[in-house]
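To keep things clear, I will list the structure first and then write my remarks on it.
The values are calculated or read from the model by the stated rules, or taken from the named source; none is laboratory data. Keep in mind that what you see is a predicted model, and the values were worked out from it rather than measured. FYI the Cβ positions are ideal-geometry reconstructions off the backbone, even for glycines, and counts take in every protein chain you see.
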């Protein structure tokens, strides 16, 4: 398969008949049909993946995953249930959403691991805060941080973004994001320690 660039996907005009025929041939193991199908649809697949995932490299990997699914499951395509392109877009969307969720889980694990290096982790401090007064204190603690620290922490914790995604959003290196979050959590712990019970 040819590499995919970052050029915005064009709305390639692909009549349903030829695509359906290609899928039928792919189901029989026809490599030439698969290549033709890929060339006709890869930009549309990559475009949807990129809009869903944002990250270019992960979008490329997801596009490759989608076409692997097409190769392995072409026989499952049912023209009575929709057009070939609709079928392909459903596969793409599902795979892209799976990748987003996997990246978010990875981000949360990384944040938890990083905050355990701090004596009283942020997630332990905020865990179980249901009292309005406690919530107010946490918000006041966040207000003590610099705007850059607060923005980085908010994107990572509440926006469920990975460090690279936060870095891309803010236009700074990943190391800078990690440093801001680490320092911000330490300041937050120092602020909350005297006024809230910390385990």
task: Report yes if residue 177 is part of a loop (DSSP other than H, G, I, E, B), more than 17 Å from the chain's Cα centre (by Cα) and at pLDDT 85 or above, otherwise no.
output: no
task: Give me the pairs, please: first residue somewhere in the stretch 81-98 and assigned by TED's automatic domain parsing to the domain that holds residue 56 and surrounded by 21 or more Cβ atoms within 10 Å (Cβ to Cβ), second residue anywhere and in a helix (DSSP H, G or I) and at pLDDT below 90, beta-carbon distance under 7 Å, and either six or more positions apart or on two chains.
output: 84/16; 96/52; 96/53
field: residue 51 in a helix (DSSP H, G or I), more than 17 Å from residue 164 (Cβ to Cβ) and modelled with pLDDT under 95
entry: yes
message: Could you go through the stretch 167-174 and let me know if any residue there is at pLDDT below 55, touching a helix residue (DSSP H, G or I) at 6+ places or on another chain (Cβ under 8 Å), within 30 Å of residue 62 (Cβ to Cβ) and not assigned by TED's automatic domain parsing to the domain that holds residue 55.
response: no
- request: Could you identify the single residue in 80, 33 that is at pLDDT 90 or above, over 27 Å from the mean Cα position of the chain (by Cα), over 30 Å from residue 160 (Cβ atoms) and part of a helix (DSSP H, G or I)?
  value: 33
query: For the stretch 141-174, how many residues are more than 19 Å from the chain's Cα centre (by Cα) and touching a residue at least 24 places away in the same chain (Cβ under 8 Å)?
result: 8
- line: Restricted to the stretch 54-77 and to residues being in contact (Cβ under 8 Å) with a residue 60 or more places away in the chain and not in a loop (DSSP other than H, G, I, E, B), the residue farthest from the chain's Cα centre (by Cα) is 67
